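This report concerns only the one structure given below.
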């Protein structure tokens with residue numbers, strides 16, 4: 001077995017430096033955007049409050065043209081975002097009870113000011129500012145509580161804080177990487193994105209528990225070997241299961257990302273990044289952290 005084993009732990013220092021670099025870049029961009037723009041992340045109307053409408057044009061249209069027309073027609077301060085050459089998201093701080101009528105009035109203003117163009121409404125929604133602030137706070141607490149609950153569960157499941165801390169550090173790493181991707185790509189944080197992050201954390205911890213269960217079993221049956229050898233052997237023994245599960249899930253999410261349309265694009269992006277880094281962190285973050293704490297014990 002020794003001759004055919006992959007020495008995963010050989011690269012744990014390089015993996016730790018790589019992950020640390022990602023987190024430092026994320027922190028740097030976060031503080032830079034906060035200092036220069038007031039906030040780092042771009043939040044959907046779910047969190048900020050207001051009304052947003054996604055328009056579909058039958059011809060390529062500039063977001064600057066859309067913004068100029070809307071401001072001339074009374075929607076001052078309208079924010080526009082181009083999803084494609086023919087899809088533009090418009091967000092205003094004004095909250096409207098009749099969101100459908102609000103969207104139609106925007107559509108009519110656009111069609112009357114842009115000659116020979118047809119505009120359709122793909123989606124529209126409105127959220128009050130108080131509701132948006134509550135959702136932001138609740139979403140943050142949802143992620144924190146999920147991490148604490150997993151910490152408690154794994155500590156009880158394996159009767160070891162080393163296993164628990166290793167798993168939670170890996171999960172926190174995954175959450176930060178997913179947020180970093182959205183920060184760097186300037187994608188919106190929405191309720192769906194937070195939900196997808198929680199789904200990925202559950203998926204990732206399941207993979208970590210499978211590896212940890214094998215390590216715990218091998219600790220009893222391989223007493224004559226070093227911890228390095230036991231953890232490495234456990235990673236190799238669970239490798240096929242890890243890769244097959246991740247690859248099959250990745251194919252489904254990739255299809256969703258390509259064919260799911262704009263409405264599912266952000267959600268599928270979170271899942272895509274989360275599955276890749278969740279597999280990576282189960283091997284190169286969770287196990288090495290567990291080893292550090294186990295050695296101390």
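The values are calculated or read from the model by the stated rules, or taken from the named source; none is laboratory data. In this text the structure is predicted, and so the values were computed from the model without any measurement. Positions of Cβ are generated from backbone atoms using ideal geometry, with glycine treated the same way; all protein chains shown enter the neighbour counts.
At-a-glance table
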read-out: Verdict on residue 26 being in a helix (DSSP H, G or I), closer than 23 Å to residue 284 by Cβ and under 23 Å from the mean Cα position of the chain (by Cα); value: yes
read-out: Any hit, the stretch 21-38, residues being in contact with a helix residue (DSSP H, G or I) (Cβ under 7 Å, 6 or more places away or on another chain) and over 21 Å from residue 186 (Cβ atoms); value: no
read-out: Tally of residues being loosely packed, with under 14 Cβ neighbours inside 10 Å, closer than 28 Å to residue 60 by Cβ and in contact with a strand residue (DSSP E or B) (Cβ under 8 Å, 6 or more places away or on another chain) across the stretch 87-103; value: 1
read-out: Candidate set: the stretch 114-153, residues that are over 22 Å from the mean Cα position of the chain (by Cα) and closer than 15 Å to residue 168 by Cβ; chosen: the one modelled with the lowest pLDDT; value: 153
read-out: Of all residues in the stretch 71-103 being assigned to a helix (DSSP H, G or I) and closer than 14 Å to residue 123 by Cα, the one that is modelled with the lowest pLDDT; value: 99
read-out: Scope the stretch 155-168; condition surrounded by 18 or more Cβ atoms within 10 Å (Cβ to Cβ) and modelled with pLDDT of 80 or more; matching residues; value: 162, 163, 164, 165, 166, 167, 168
read-out: Count - residues of the stretch 47-66 that are in contact with a strand residue (DSSP E or B) (Cβ under 6 Å, 6 or more places away or on another chain) and assigned to a helix (DSSP H, G or I); value: 2
read-out: Some residue of the stretch 54-70 being surrounded by 11 or more Cβ atoms within 10 Å (Cβ to Cβ), within 25 Å of the chain's Cα centre (by Cα) and modelled with pLDDT under 85; value: no
read-out: Test: residue in the stretch 284-293 that is more than 18 Å from the chain's Cα centre (by Cα), outside any helix (DSSP H, G or I) and touching a residue at least 40 places away in the same chain (Cβ under 8 Å); value: no
read-out: Meets criteria (under 25 Å from residue 270 (Cβ atoms), in contact (Cβ under 8 Å) with a residue 24 or more places away in the chain, in contact with a strand residue (DSSP E or B) (Cβ under 7 Å, 6 or more places away or on another chain) and not assigned by TED's automatic domain parsing to the domain that holds residue 31) for residue 79; value: no
read-out: Subset of the stretch 156-176 [part of a helix (DSSP H, G or I) and free of Cβ contacts under 8 Å to residues at least 40 places away in the same chain]; value: 156, 164, 168, 172, 175
read-out: Considering residues of the stretch 104-129 that are in contact with a strand residue (DSSP E or B) (Cβ under 8 Å, 6 or more places away or on another chain) and in a helix (DSSP H, G or I) only, the residue farthest from residue 87 (Cα to Cα); value: 129
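Let's see how each residue does on (1) touching a helix residue (DSSP H, G or I) at 6+ places or on another chain (Cβ under 6 Å); (2) touching a residue at least 60 places away in the same chain (Cβ under 8 Å):
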{"position": "193", "(1), (2)": "yes, yes"}
{"position": "200", "(1), (2)": "yes, yes"}
{"position": "212", "(1), (2)": "yes, yes"}
{"position": "217", "(1), (2)": "no, no"}
{"position": "222", "(1), (2)": "yes, no"}
{"position": "226", "(1), (2)": "no, no"}
{"position": "247", "(1), (2)": "no, no"}
{"position": "256", "(1), (2)": "yes, no"}
{"position": "261", "(1), (2)": "no, no"}
